[in-house]
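Below you'll find the structure, written out as structure tokens, and then a few comments.
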Amino acid sequence: MDFKTGIGSSLKKMAFRIAGVVLMAYMLSFASCDTVPICWYCENPHNPTERQNVCNAMTKSKLESYGYVCTPY
């Protein structure tokens, strides 16, 4: 009897592992298909004539470090 329950337990563990891998692959498939770029309109609050449109997150972060306020569009 111990032999039979051991096989059932290992099959159950393997089924859960396979289900976990399939679920993880399913979730990652949505994260990697993001093809729409996010762009921001950044404006200097101290001088409203200084404004830029950026679609690069690093550029946005740099502008924000200079005090610009960015909003997505």
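The values are calculated or read from the model by the stated rules, or taken from the named source; none is laboratory data. On a predicted model such as this, the values are computed, not experimentally measured, just so you know. Cβ atoms come from the backbone with ideal geometry, glycine included; neighbour counts cover every protein chain shown.
Summary table below
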read-out	value
Any pair with Cβ under 9 angstrom, 6 or more apart, that starts in the stretch 55-73 at a residue that is more than 16 Å from P45 (Cα to Cα) and ends at one that is surrounded by fewer than 10 Cβ atoms within 10 Å (Cβ to Cβ) and among the acidic types (D, E)	none
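Matching residues to (1) of a type in the set (S, T, Y); (2) in a helix (DSSP H, G or I); (3) at pLDDT below 75:
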site: K12; (1), (2), (3): no, yes, no
site: V21; (1), (2), (3): no, yes, no
site: M24; (1), (2), (3): no, yes, no
site: M27; (1), (2), (3): no, yes, no
site: D34; (1), (2), (3): no, no, yes
site: P37; (1), (2), (3): no, no, yes
site: C42; (1), (2), (3): no, no, no
site: P45; (1), (2), (3): no, no, no
